[in-house]
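Visitor: Shown below is the structure under consideration.
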Amino acid sequence: MFSRDRWQEIFQSIGKNRLRTFLSGFTITLGILIFTILFGFGNGLKNTFQEFFVDDATNTIWLFPGRTSKPYKGFATGRRIEFRNDDIDDIKKDFAMYVEYITPRISRGGTAKYKGESNTYTTRAVGPAHQHSEKTIIMEGRYINENDILGKTKNVVIGRLVEKDLFKNGERALGKYLDIDGIAYKVVGVFQDDGGDNEERYIYMPYTTRQLIEKNTDKVDQIIVGFKLSIGYAGSKAFETSLNKYMRNKHIIAMDDQNGMFIRNAAEGVKQTLQFASILQMVVAFVGIGTLLAGVIGISNIMVFVVKERTKELGIRKAMGASPRSIVGMVLQESVFITTIAGIVGLVIGMGVLNMIGLDLEDFFIKNPYVGTSTIIKATLFLIFCGAVAGYIPARRAARIKPIVALRDE
């Protein structure tokens, strides 16, 4: 493998047959180049799915009240189910081993005004834990806290675009008062959200404040439960089943009444989304591997031609005492060398292309395309293996040539 004479022979052969060497390497370079770019695009698609569909926390279960569609335990069909504050307390107490955090949410429309500017927004009355479920990022000030809940304060946290809409000439919203449906609220925080513009046009307030405004009720629209990540996907499904049964028993809803209450486990949706993204990635990678194999077949065909072209030379070598093993080693080493160099060139070019055009592909739903280090290593080893296979078949045929037959070849 490290024989100086053999390497000199290989380089002499390459130098005398530049066109043949170029064509041999070009098929491999093109194949690995296409593979690298396609695999990078697959990773970019997966990143896009994660950004668009996994914006909110993945360890959450959402509970929505509905209207019964079946009579149950003396209650008629069409009964409206209502969640209340005590549901939150009961879930925290009875499922303490599962619950990481819990928050209600009450959504209402409202008109916000400030110094002649006004616009209609959705207000969300929530608890402090809601920040975790929505992955809300505070830019200035703070989020709703427990003191706001206990004191039923008229404090709000507004989205970045709400501030942009209502506060002109660079004026900051923090500490100012907004008029929302005739009630003055103090802005205690400004947030941003990676979920997009719509997410940044919400206004958050304490849920107890909204309940006070609505005739001091204790009703909530929905309940968001964050479960502990340590329980895993299987644990989250078990928790979902137990929580569903618990709430249906408490609110007297038949287990098979799909309209009485709705429950959604974010972990299930995330799993399906990522599975779909992985399938897309596998399809793209399959096409890339097919292209790479086509290149390997190409170099194998070229090596067959090379051996045939050098039949007389190989016959002379055998007549002078060269062993079949040395003949195989020489042809095999040349094939692996050309394949490896061409493959590395293709990898480098492919990664360079991904780095150059990566930012320009977001409009095509390909975000931050990349090829991981482990993939590069595996692809390189695969190339070396394929180069060995591509060279071994013609090399073995060359080693079987009888010197007398080779010397007669024209």
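The values are calculated or read from the model by the stated rules, or taken from the named source; none is laboratory data. Since the structure is predicted, the reported quantities are computational estimates derived from the model, not experimental observations. Cβ: placed from backbone, ideal geometry, glycine included. Neighbour counts: every protein chain shown. Note: areas computed on protein heavy atoms with side chains; ligands, DNA, RNA excluded. Shrake-Rupley method; radii C 1.70, N 1.55, O 1.52, S 1.80 Å.
Visitor: Look at THR340 and say whether it is polar (S, T, N, Q), farther than 22 Å from ASN47 by Cα and modelled with pLDDT of 75 or more.
Guide: yes
Visitor: I'd like to check something: does region 58-80 contain any residue that is under 26 Å from LYS164 (Cα atoms), among the polar types (S, T, N, Q), at pLDDT below 95 and in contact with a strand residue (DSSP E or B) (Cβ under 7 Å, 6 or more places away or on another chain)?
Guide: no
Visitor: Given (1) at pLDDT 95 or above; (2) assigned to a loop (DSSP other than H, G, I, E, B), where does GLY195 come up short, assuming only one miss?
Guide: (1)
Visitor: If you don't mind, another one. On the given criteria, is LEU161 in contact with a Ser or Thr (Cβ under 9 Å, 6 or more places away or on another chain) and not in a strand (DSSP E or B)?
Guide: no
Visitor: Has region 105-112 got at least one residue that is at pLDDT 80 or above, open to solvent by 30 Å² or more (accessible area, probe 1.4 Å) and touching a helix residue (DSSP H, G or I) at 6+ places or on another chain (Cβ under 9 Å)?
Guide: Yes: one or more hits.
Visitor: Now, a different point. Considering each residue of region 168-192, count those that are open to solvent by 80 Å² or more (accessible area, probe 1.4 Å) and either small (Gly, Ala, Ser) or in a strand (DSSP E or B) (or both), and give that number.
Guide: Matching residues across region 168-192 total 1.
Visitor: Which residues, taken from region 230-251, are at pLDDT below 95 and either of a type in the set (A, V, I, L, M) or touching an Asp or Glu at 6+ places or on another chain (Cβ under 6 Å) (or both)?
Guide: Correct list: ILE231, ALA234, ALA238.
Visitor: On the basis of being open to solvent by less than 40 Å² (accessible area, probe 1.4 Å) and either touching a strand residue (DSSP E or B) at 6+ places or on another chain (Cβ under 8 Å) or under 20 Å from PHE191 (Cα atoms) (or both), does GLY31 make the cut?
Guide: no
Visitor: How about region 52-155: which strands (runs of 3 or more DSSP E) wholly inside it have at least 1 residues that are free of Cβ contacts under 8 Å to residues at least 12 places away in the same chain?
Guide: Strands (runs of 3 or more DSSP E) meeting the threshold: 117-126.
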